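> Sending over a structure as structure tokens; questions will come in a sec.
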Amino acid sequence: MALQNINPTTTNSWKKLTAHFEKIKTEHLKELFKNDRHRASNFTIGFDDFTLDYSKNRISQETIDLLVELANEINLQDAIQKSFSGDQINKTEKRAVLHTALRSTSSTPIIVNGINIKPEIENTLQQIEHITDAVVSGKWKGYTGKEITDVVNIGIGGSDLGPQMVVEALQFYKNRLTTHFVSNIDGDHVSEVIKKIDPETTLFVIVSKTFTTQETLTNANTIKEWFLKSAAENDISKHFVAVSTNLEAITEFGIDKKNVFTMWNWVGGRFSLWSAVGLSISLSVGFQNFKALLEGASEMDTHFKETEFNQNIPVILALISVWYNNFFGCETEAILPYSQYLHKLTPYLQQAIMESNGKNVDRNGEEVTYQTGTIVWGSTGTNMQHAFMQLVHQGTKLIPSDFIGFKESLYGLTEHHKKLMANYYAQMEALAFGKTKEEVHLDLKFNNKKEEIATLLPFKVFQGNRPSNAITIKKLNPNSLGKLIAMYEHKLFVQGVVWNIYSFDQFGVELGKELTNKHLKKQG
Ligand code: F6P
């Protein structure tokens, strides 16, 4: 069954939220904290090794109650239920959306087109485990009998960003293999990677759900040609594997049948790292760590499916984001992980969120009269404090921000970690509470800088009242990373449901592809 079709702006709760916004829009976080001594704990949700503190948002309990009312009015529970049970919620492409099945630990069958998909998932996982063990242990040999030392993932979009982000994020857990990623059609990208590898010891993983993507096929062919300069056609089976739904095209490319990993149409590209698209992850950190990533995501799935909305981390994050997007008129959101390991998280989430919810047509096929998908951007702390945070603190735009921090570091170095986390909390405090004219005045006076009072005072004022979420996690490991990614997947899903759009197609990327082909034909 398809998703329901409810224009959120016609609901009673939306009307109530509009009236409520007029009352609360000028309230300062300082006041909100002053009036409620328990605000921080009242607006904190704990789940396993995750804590979401959303108290530094421009909300009151009434805001949350009304947003939850909105979620109920647009029947979010029904949408969640349909998504997990394999209904064709991707209506425009007539597909189920079941990346959650890839990591499900329950034994309940999941039926797609009359077939239980669980055994196929299990088979593919076994195949991933098998090749991972063979390559990592050195049993898998290249065409001259040497062990594999390097893995090159050739793919783009969902077939690149997810695996790359996770491989970077889990660097601490990496084994002896070196992993490279080739994505751009820019020939200099593939050339730079080729410079670093040896055909005798490299395994190429071609990842393309459709196996028609111009970038991936061009790069794969270039690499194949380069490989065949030193190796023979029948050596391809020792060095090339492929992940796709398009088995015919893979065979045509010359990949050995035993090196083919199946993908399914019920997995969207940008949600596919949990499938064999994540093969380079498993190769890089070992199958057990890949499994732990899946398990973490599955735990977040259960939290999302079974927790009431006012205690549900992805639901609360989504509703607060709707609040800023549709009532405050914020256009962008920042994602600010305080971990260098997560430096690829934002580009990954940009595809997940913006390809999903960047839609201007609702489920009736009519143009929406309200804002949908937010622009997401960001970078890692503390580097970004010395780059764009000036604008977030003192600029003219309201930018709700997600701060992501870890209680423990991986290598120890507790002095560093203490400083890192002090920055994490300080930034959110500065954004929320700012520094008044009076405080600046006092400060300058106290520091014997009286002459600066006349010249610098207004420039040193921080208005504050700038919102943030603190997502604090015990430690970065495969399990918690799985949870974090799944948290954002569910957040964007909830937003698409509220906005009454179809989050799982991506027709917006097609016109550019069509015109590129026309230009190529013209060039001859
Ligand atoms: O062009 C957009 C897109 O279709 C993404 O949704 C997808 O992740 C990417 O291209 C790559 O597609 P494929 O895996 O089929 O090569």
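> What is the residue count in segment 389-406 for residues that are over 21 Å from the mean Cα position of the chain (by Cα), in a loop (DSSP other than H, G, I, E, B) and of a type outside the set (Val, Ile, Thr)? Working first, answer last.
Keep residues of segment 389-406 that are over 21 Å from the mean Cα position of the chain (by Cα), which gives 389-398.
In the following step, the residues that additionally are in a loop (DSSP other than H, G, I, E, B) were identified as 395-398.
Now drop any that are not of a type outside the set (Val, Ile, Thr), which leaves 395, 397-398.
Qualifying residue count, segment 389-406: 3.
> Can you name every one of the helices (runs of 4 or more DSSP H) wholly within segment 1-103 that holds 2 or more residues which are surrounded by 15 or more Cβ atoms within 10 Å (Cβ to Cβ) and in contact with a helix residue (DSSP H, G or I) (Cβ under 9 Å, 6 or more places away or on another chain)? Give the steps one after another, and end with the answer.
Working: elements: 12-24, 29-35, 39-42, 61-73, 76-84.
Counting at least 2 such residues, we get 12-24, 29-35, 61-73, 76-84.
> Need pairs with beta-carbon distance below 7 Å; first residue over 11 Å from SER284 (Cα atoms) and within segment 145-156, second away from the ligand (no atom under 16 Å from the Cβ) and of a type in the set (Gly, Ala, Ser); sequence gap 6+ or separate chains.
Once the first residue is over 11 Å from SER284 (Cα atoms) and sits in segment 145-156, its partners that are away from the ligand (no atom under 16 Å from the Cβ) and of a type in the set (Gly, Ala, Ser) give GLU147/GLY138; ILE148/GLY142.
> Mind checking which residues of segment 485-524 are among the aliphatic types (A, V, I, L, M) and in contact with a helix residue (DSSP H, G or I) (Cβ under 8 Å, 6 or more places away or on another chain)? Before the answer, list the steps.
So in segment 485-524, the residues among the aliphatic types (A, V, I, L, M) come out as 485-487, 492, 494, 497-498, 501, 509, 511, 515, 520.
Matches in segment 485-524: ILE485, ALA486, MET487, LEU492, VAL494, VAL497, VAL498, ILE501, VAL509.
> Shifting gears a bit: Quickly run through segment 201-218 and pick out the residues that are crowded, with 20+ Cβ neighbours inside 10 Å and either farther than 18 Å from GLY158 by Cα or of a type in the set (Val, Ile, Thr) (or both).
Of all residues in segment 201-218, those crowded, with 20+ Cβ neighbours inside 10 Å come to 202-209, 211, 213, 215-216.
Within segment 201-218, THR202, LEU203, VAL205, ILE206, VAL207, THR213, THR216 meet the criteria.
> Still on this structure, I have one more. Which one of these does MET165 not meet: (1) outside any helix (DSSP H, G or I); (2) of a type in the set (A, V, I, L, M, F, W, C); (3) within 16 Å of the ligand (Cβ to nearest atom)?
The failed condition is (1).
> Let me ask another. Would you please list the contacts, defined by Cβ atoms under 7 Å and residues six or more apart or on different chains, that run from a residue in segment 1-29 that is within 17 Å of LEU66 (Cα to Cα) to a residue that is loosely packed, with under 12 Cβ neighbours inside 10 Å?
THR9/THR369
> Taking GLU452 as the residue in question, decide whether it is assigned to a helix (DSSP H, G or I), closer than 22 Å to GLN394 by Cα and modelled with pLDDT of 95 or more.
no
> Only one of (1) touching a residue at least 24 places away in the same chain (Cβ under 8 Å); (2) under 27 Å from ASN116 (Cβ atoms); (3) of a type in the set (D, E, K, R); (4) more than 16 Å from the ligand (Cβ to nearest atom) is not met by LYS258, so which one is it?
Among (1) touching a residue at least 24 places away in the same chain (Cβ under 8 Å); (2) under 27 Å from ASN116 (Cβ atoms); (3) of a type in the set (D, E, K, R); (4) more than 16 Å from the ligand (Cβ to nearest atom), LYS258 violates only (1).
> If you scan segment 321-368, which residues turn out to be more than 14 Å from the ligand (Cβ to nearest atom), in a helix (DSSP H, G or I) and under 25 Å from LEU17 (Cα atoms)? Quick ask: steps written out before the conclusion?
Narrowing segment 321-368 to residues more than 14 Å from the ligand (Cβ to nearest atom): 321-346, 360-368.
Keeping just the survivors that are in a helix (DSSP H, G or I) gives 321-328, 340-342, 345-346.
If the condition is that a residue be more than 14 Å from the ligand (Cβ to nearest atom), in a helix (DSSP H, G or I) and under 25 Å from LEU17 (Cα atoms), then SER321, VAL322, TRP323, TYR324, ASN325, ASN326, PHE327, PHE328 are the ones that fit.
Yes/no per residue for (1) closer than 22 Å to ILE154 by Cα; (2) part of a helix (DSSP H, G or I); (3) touching a residue at least 40 places away in the same chain (Cβ under 8 Å):
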position	(1), (2), (3)
ASN234	yes, yes, no
VAL243	yes, no, yes
LEU279	yes, yes, yes
SER284	yes, yes, yes
GLN288	no, yes, no
THR302	no, yes, no
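The values are calculated or read from the model by the stated rules, or taken from the named source; none is laboratory data. Computed from a predicted structure; not experimentally measured. All Cβ positions, even for glycine, are placed from backbone atoms using ideal geometry, and neighbour counts span all protein chains on display.
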